[in-house]
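Trainee: There's a structure below that I have some questions on.
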Amino acid sequence: MTLRIYNTATRRKEDLVLLREGNVGIYVCGVTVYDLCHIGHARSAIVFDVLVRYLRASGLNVTYVRNFTDIDDKIIARANELAKDTFALAQQYIDAFRNDMKSLGVLDADVEPRATDHIEGMIKMIETLLERGHAYQQGSDIFFSVESFKGYGALSGRRLDEMQAGSRIAVDENKRHPMDFVLWKAAKPGEPKWESPWGLGRPGWHLECSVMSNRYLGVSFDIHGGGKDLLFPHHENERAQSLCANGGEFARHWVHNGFVTIESEKMSKSLGNFLTIRDALKSHHSQVLRLFLLSKHYRSPIDFSASGVEAAQAGLVRIYRTLERLDNLLGPGKTNVDNKAFSAGDLSQGSNEDSFLPQFVSLMDDDLNTAGAIGLLFEKVRDINRLMDSSDTLRDDSSLRRLEDDRKDILAAGQVLGLLETRPEQFFAELTRPSEAGGIDPAVIEEMIRERTEARAKKDWAKADQVRNRLKEMGVILEDGPQGTTWRLDV
RNA sequence: GGCGGCAUAGCCAAGUGGCUAAGGCAGCGGUCUGCAAAACCGUUAUUCACCGGUUCGAAUCCGGUUGCCGCCUCCA
């Protein structure tokens, strides 16, 4: 596997060349914990979740760091609004984040550090920046001097003289250059504060990521990720500080995911058009949301719409129906497949380039083309159904073996995408739970089916159809098969 | 003002120099079924916003036009 992934810093797809062979260090900017997460956060988390799952499945040893920013202006503002303690507020939303991520099937990062646990490191870093002439003090505030770093702007592709600093927000008059940013802020009364050589205060944004990535991954590491909106100023500033204080390369590869829009507009609180993960999960199954969010390339904007998610659900139902058929034919499949399924050795064994997994790998290797990979999954599903439809399959050993292999393959691919990890019957049960399945009594359904079966035996089709229609109105679909009649809720 | 992105069927969406332009959803026709459901088969873009150029060959590269979006302020 050679993952080729777009590097924002060079604006090109590049081979992921690792600093230490076999190991990947990845740092992703998590969330500032002052409110519930929305589906934009979900997309970002899912994209990097898939990246990490894929790297691991390729046999790499991944160290995944995702931080919490738990001290910041917005947290303070929110805490004041609610008359709450900032730490309690942050903790509340860290817990909420963890719950939401779990619901979405997003795996925990290996390290989930918090800014407030690294104040000491931040102070040290500021001292280094001061010593090296990259920072200056104004009163009790410390600023980073963007003009002291000639590479400033290289990451986001901007030039200092082309940016319109202050066009929309007043520039702090203490700054030497309008783009200079704060490293340390003197505490105002009632704000959380820490001791420092410059008096009581708190760190500026950006600094925590520089310190924590360095602490857990080193001066130079492989991948730094986050939403596109973090590119400037956050990542630009982070990079500037880190390179000035630590040297090295900092992040070798920058990966940024695109936004989720609603009605083609970026979600924002001022427009009131943002949807929390919780609310989204009330009306949609988590795997449906995942499939939906992965069905477009991660760098493009994706528009969240009810019809789009419903289409994703219809597609996922199709896959699960096929898995259910496979289970009925072959017995239940393993829910957990070998998570190293995509390492080069495994792939070369008895497979050619046209077979499913190598194709899946080549799509994923091409800048994480999950949309293409999902298309491939559907093609495989059709192949499987076709094979199961052929009448002699039931007695044909080689067909059965092939179906076993096919199932293993799609489950392996699904695992990388964080999909298909549920048993089909459980998936269908979960899918109907949020809707009004509550009013349906299985015993009543069974009785009605018995009634209909009797009518059918007497070829009383009118009565049989009447029962079918009554059930249909209740949202129950009947399926007559060789083993008798089964029922399911309409989804 | 600067920077970046996008435009592919009714809808969603891959494909970024060369076989018949993936796949999903929706629709229509068929197979199966007493009728259905599910599944399968067929069908729905001679064409990829528009104009010009490069090339033996372009949805794919280059230039221009139009439209939409994002960033330059906190944001995943």
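Trainee: How do the peptides A:87-98, A:285-296 rank, highest first, by the average count of neighbouring beta carbon atoms within 10 Å per residue?
Mentor: Ranked by mean Cβ neighbours within 10 Å, highest first: A:285-296, A:87-98.
Trainee: Output the pairs from A:84/A:193; A:282/A:472; A:228/A:266; A:102/A:282; A:228/A:269 with a Cα-Cα distance over 22 Å in this structure; if there are none, say none.
Mentor: Numbers: A:84/A:193 16 Å; A:282/A:472 24 Å; A:228/A:266 12 Å; A:102/A:282 15 Å; A:228/A:269 18 Å.
Result: A:282/A:472 exceed 22 Å.
Trainee: Let me ask something else about it. What ³J(HN,Hα) values, in whole Hz, does the Karplus curve 6.51 cos²θ - 1.76 cosθ + 1.60 give for the range A:42-53 when θ = phi - 60°, with x put for Gly and Pro?
Mentor: Per residue, the Karplus-derived 3J(HN,Hα) values read 4, 4, 4, 4, 6, 4, 6, 4, 5, 4, 5, 4 Hz.
Trainee: In sequence order, what are the phi-derived ³J(HN,Hα) couplings for the range A:453-467 according to the Karplus relation 6.51 cos²θ - 1.76 cosθ + 1.60 with θ = phi - 60°, rounded to whole Hz, with x for glycine and proline?
Mentor: These are the phi-based 3J(HN,Hα) values: 4, 4, 4, 5, 4, 8, 6, 8, 5, 4, 5, 4, 5, 4, 5 Hz.
Trainee: Can you give me the long-range amide H partners of residue A:33? Hydrogens built in the peptide plane at 1.01 Å from N, cutoff under 5 Å, separation of 5 or more residues or another chain.
Mentor: A:69
Trainee: Can you put A:27, A:6 in order, fewest other beta carbons within 10 Å first?
Mentor: Exposure proxy ranking, most exposed first: A:6, A:27.
Trainee: If each residue's Cβ is checked for other Cβ atoms within 10 Å, how do A:449, A:477 rank with the fewest at the top? Write down the numbers at each step before the final one.
Mentor: Working: A:449 19, A:477 14.
Ascending Cβ contact count within 10 Å gives the list A:477, A:449.
Trainee: Around residue A:141, which amide H atoms from residues at least 5 apart in sequence, or from another chain, sit under 5 Å from its own amide H, with H modelled in the peptide plane?
Mentor: HN-HN under 5 Å from residue A:141: A:186.
Trainee: Moving on. Calculate the spin-label point distance for residue A:405 paired with residue A:92, positioning each point 7 Å from the Cα along the beta-carbon direction, and give it in nanometres.
Mentor: 5.6
Trainee: For residue A:188 and residue A:120 in one chain, what is 0.36 nm times their gap in residues minus the Cα-Cα distance, to one decimal in nm? Display every interim value, and only then the final one.
Mentor: Details: separation 68, 0.36 × 68 = 24.48 nm, distance 1.99 nm.
So the chain would gain 22.5 nm between residue A:188 and residue A:120.
Trainee: For the range A:4-266, give the share of DSSP beta bridges that are antiparallel, in percent and rounded to the nearest 5; count only bridges with both residues there.
Mentor: Here the share of antiparallel DSSP bridges comes out near 45 percent.
Trainee: Taking amide H positions as placed 1.01 Å from N in the peptide plane, with prolines and chain starts having none, which residues 5 or more places from residue A:106, or on another chain, fall under 5 Å of its amide H?
Mentor: So residue A:106 has HN proximity to no qualifying residue.
Trainee: Can you tell me the relative contact order of chain A? Whole percent, Cα pairs under 8 Å, sequence separation 6 or more.
Mentor: 17
Trainee: Moving on to the next point. Apply the Karplus curve 6.51 cos²θ - 1.76 cosθ + 1.60, θ = phi - 60°, to the phi angles in the range A:482-488 and return the couplings in whole Hz, x for Gly and Pro.
Mentor: Using θ = phi - 60°, the values come out as x, 8, x, 9, 10, 10, 8 Hz.
Trainee: Count the DSSP beta bridges whose two residues both fall in chain A, then state the antiparallel fraction as a percent rounded to the nearest 5.
Mentor: 50
Trainee: What is the gain in length, in nm to one decimal, between residue A:110 and residue A:385 on full extension, counting 0.36 nm per residue of separation less the C-alpha to C-alpha distance?
Mentor: Working: separation 275, 0.36 × 275 = 99.00 nm, distance 3.91 nm.
Full-extension gain reported as 95.1 nm.
Read the figures in this text as sums done on the coordinates, not as results from a lab. Model, not experiment: these values are computed from the prediction. All Cβ positions, even for glycine, are placed from backbone atoms using ideal geometry, and neighbour counts span all protein chains on display.
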